[in-house]
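As structure tokens, the structure follows; a few thoughts come after it.
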Amino acid sequence: MSKKKLLVTFSGGETSAFMGNWLNKKMQNEYEMLFVFANTGVESNETLEFVHKCEKEFGLDIKWIEAKVYHNQRKSTGFKIVDYNSATRNTDWKNTTDTPFEEVVKKYGIPNHSRLHCTRELKMNPIKNYAKSIWGKEKYYLALGIRIDEIDRMNAKKDELRLVYPLIQKNMQPMTKKHINFWWDQQKFRLILKGYQGNCGACYKKSNNKLMQMVKDDINYFEFLDYLENKYGNPNGRVPEKVYYEYKDEFGETITGYEMEKVPTEEYKNVFFRNFVSVKEMIEMSKGFDKIVKDDSIDTNFQESLFDETESCEVFSDCGE
């Protein structure tokens, strides 16, 4: 009997790394597995080191790919094969204008809460196209690194979409964030990042508190984004406002209300962060920030609560894309 095919996305975080290691050890008899890490070029160096250590320590055959953007073509983002040594680093943008992230911004614009193409073009489409290059049109299952404390993110059409949730399903290995932390505490190495820092640096999906804390930790996280805003966005543009309207309908009745102002594209403020906050404004906001943001990567007391609030962006998950 032939094995089912399983695509395993490797985000570079501890949850997906645990899942990949567990699947590799426990499910080889059931699945033919393809492990893929899509490097966006803005991951921390610690993330790339961590993925490389997982390859060596766990014996995982992880395929490293990066987005290949087709400009002036109606064609989804493809892939190019890289490895640990040739992968784009988060400082390469200083020497070249064709890093994966900048290439996506050139074609699709600044990603933010209104323009949700970041994960789609940097991870989802490259991974799908890579899997197609290996398996052709054969159907495969997709393993997602979403934990049982994130069960609300599980897709209702999981069976139709052939999705597998190893860290939720009872017949596999249900895990919470705290269980994951506890397991990694027993290993020879960990991802050397604080929980709120994550793999994609100053991602627009993070809360303002986390972003302001990251400014205080290391302002270099924001240098590349500021460059992109100034080159491809319009950080000093206009923000749409609610405009009051009043008119009489065909029956003579007065109709009133509010609608969003229509701002011309060339005048529209196009920036990374929610509520039209630019990188420079986020940095300025951080000067008055005096709260302490919790580092949830060190919490291993999994008997406290199974369902603490979490924030992540696992590729192919329902995370706002």
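Nothing in this text is a laboratory measurement; each read-out follows from the coordinates by a stated rule. Keep in mind it's a predicted model, so treat the numbers as computed, not measured. Ideal geometry is used to build each Cβ from the backbone, glycine not excepted, and the neighbour counts take in all protein chains shown.
What value, in deg cm²/dmol to 500, does the helix sum -39500 (n - 2.57) over DSSP H runs of n ≥ 4 give at 222 nm once divided by the residues of the chain? Counting only the DSSP helices, I get -8000 deg cm²/dmol. Cross-link partners of K80 among aspartates and glutamates, defined as those whose alpha carbon lies under 15 angstrom from its own and excluding same-chain residues fewer than eight positions apart: E66, D98, E103, E121.
Rounded to the nearest 20 debye, the dipole magnitude of the chain is 1240 debye, with +1 charges on Lys and Arg beta carbons, -1 on Asp and Glu beta carbons, and the Cα centre as origin. When the charge dipole of the chain is built from unit charges on Cβ atoms (+1 for Lys and Arg, -1 for Asp and Glu) and taken about the Cα centre, the candidate among Y221, N171, G195 whose Cα reaches farthest toward its positive end is N171.
Multiplying the residue separation of N220 and E49 by 0.36 nm and subtracting their alpha-carbon distance yields 59.7 nm. The protection proxy used here, the mean number of other Cβ atoms lying within 10 Å of each residue, ranks peptides 68-77, 219-228, 250-259, 144-153 as follows, highest first: 144-153, 219-228, 68-77, 250-259. Sequence-distant contacts, meaning Cα pairs under 8 Å at least 6 residues apart, place the relative contact order of the stretch 4-185 at 24 percent. Taking Cα atoms only, the orientation of helix 45-58 departs from the longest principal axis of the chain by about 20 degrees.
Using Cβ point charges alone (K and R +1, D and E -1), the dipole size of the stretch 4-185 about the Cα centre works out to roughly 760 debye. Over 30 Å apart at the Cα level, from the set K106/K178; K5/K170; K4/K170, are K106/K178.
The trypsin sites (Lys or Arg not before Pro) found in the stretch 169-275 that occupy coil by DSSP, while having at most 12 further C-beta atoms within 10 Å, are K170, K188, K262. Projecting the Cα atoms of Y130, P100, G41 onto the charge dipole of the stretch 4-185, computed from C-beta unit charges around the Cα centre, puts Y130 farthest toward the positive end. For the stretch 80-169, what is the charge dipole size about the Cα centre, in debye to the nearest 20, if Lys and Arg each add +1 at the Cβ and Asp and Glu each add -1 at the Cβ? That gives the stretch 80-169 a dipole magnitude of about 260 debye. Under the criterion of Cα pairs below 8 Å and six or more residues apart, the relative contact order for the chain equals 20 percent. Putting +1 on Lys and Arg Cβ atoms and -1 on Asp and Glu Cβ atoms, find which of I110, F273, M154 reaches farthest to the positive end of the dipole of the chain. Selected residue: M154. Modelled spin labels at L116 and K188, positioned 7 Å past Cα toward Cβ, are 4.1 nm from each other. Does the stretch 1-100 classify as rounded, prolate or oblate by the C-alpha gyration tensor (a ≥ b ≥ c root eigenvalues; a/c under 1.5 gives rounded; else a/b over b/c gives prolate, otherwise oblate)? Since a/c reaches 1.5 but b/c is at least a/b, the shape of the stretch 1-100 is classed as oblate.
Extension gain, V243-K291: 0.36 nm per intervening residue step, less the Cα-Cα distance, totals 13.7 nm. Structural descriptor for the stretch 208-286: relative contact order 37 percent, calculated from alpha carbon pairs under 8 angstrom and at least 6 residues apart.
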